[in-house]
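Here's the structure we're looking at; comments come further down.
No value in this document is a laboratory result; all are computed from the given coordinates. None of the values given here were measured: they were computed from a predicted structure. Every residue, glycine among them, receives a Cβ derived from its backbone with ideal geometry; neighbour counts consider all protein chains shown.
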Amino acid sequence: MTARGWFLFSLMGVVWGVPYLLIKVAVDEVSPSGVVFARCALGALLLLPFALRRPGMANTVRTHWKPMLAFAVIEIVGPWYTLTDAERHLSSSTAGLLIAGVPIVGVLLSRFFSATESLGPRRVTGLALGLGGVGVLTLPHLTGGDALSLAEVLVTVVGYATAPLIADRHLKGVPTLHLITPCLALAALVYAPAAVASRPVALPSAGALTALAALGVVCTAVAFVAFLELIKEAGPIRASVITYVNPAIAVAAGAVFLDEPLSATVLAAFALILTGSVLATAAAPKPRSRRVPWAARQTSRADGRVESLAGLPEERPGSTGQGDG
């Protein structure tokens, strides 16, 4: 990837490594519908002035409304609710660790979308190493929670893996702000009635309000702009590999801010995740041109020159490939 791609990748690894903690804090006092509504409404309000500065948003929506609707439903409307609702019963670390399965699902789904992503042995190895690192982190933490909550996280994983493929195939030429602002506004409208109906009786605590504000500003408005730019820069599969870094960010934050121990197991998982991310985001090697046997391609021309049937200068047997001298 380019330096810009690595910057966006690093930013997203951090920015989307903390929402699980913020959701857990907020959902203890606000309903899942209320959390999703507040997050989407705040993000849309922040991005709207910038989106309106660029002309043509109405035309963009009119022209691309079908894939934009699909992106909004699959990336935001469905997954954000299921993830938030699941965190009423699952720990934030467990939810974040489970989401790390997104790249694997993305690789499988890309076959159905006829994605142009090229998967060589190096990138497949990277994905496998990353998943192994996530497994090392996950196994000690997968405690508690019921089957419904785990299924909700699975729905989120499938949505997060599918939406980037839709954006890459059908919305690549759409300006980022023209795409994400209407999608967030739509999600806010969808959840507004339920959010009002389930609003808390008393004003949430300062911690819950701060978590909601951070979700809307940092983890939604800023994060989505960066993520869609990352998709354009690196492709949907490599962009989704940020979900391998998120669990490592969560563990690091726990060690720094909560004095959680950094065991040998955690350090080994770090190594696997970071190595897997580097390999999985590496550009696929260019295919080598296939040389057709000289005898099968030789043809003569009236002027005596020898060329291949494809019209390219021919390499005779015994030549060095740099010319016959």
Hz values of 3J(HN,Hα) by residue in region 93-108 - Karplus curve (6.51, -1.76, 1.60), Gly and Pro given as x: 5, 4, 4, x, 5, 5, 5, 5, x, 4, x, 5, 4, x, 4, 5
Cβ-based exposure ranking for LYS172, LYS24, in which fewest neighbours within 10 Å come first: LYS172, LYS24
Vicinal HN-Hα couplings computed from phi for region 64-79 (Karplus, 6.51 cos²θ - 1.76 cosθ + 1.60; Hz; Gly/Pro x): 10, 5, 5, x, 5, 5, 4, 4, 4, 5, 7, 9, 10, 4, x, x
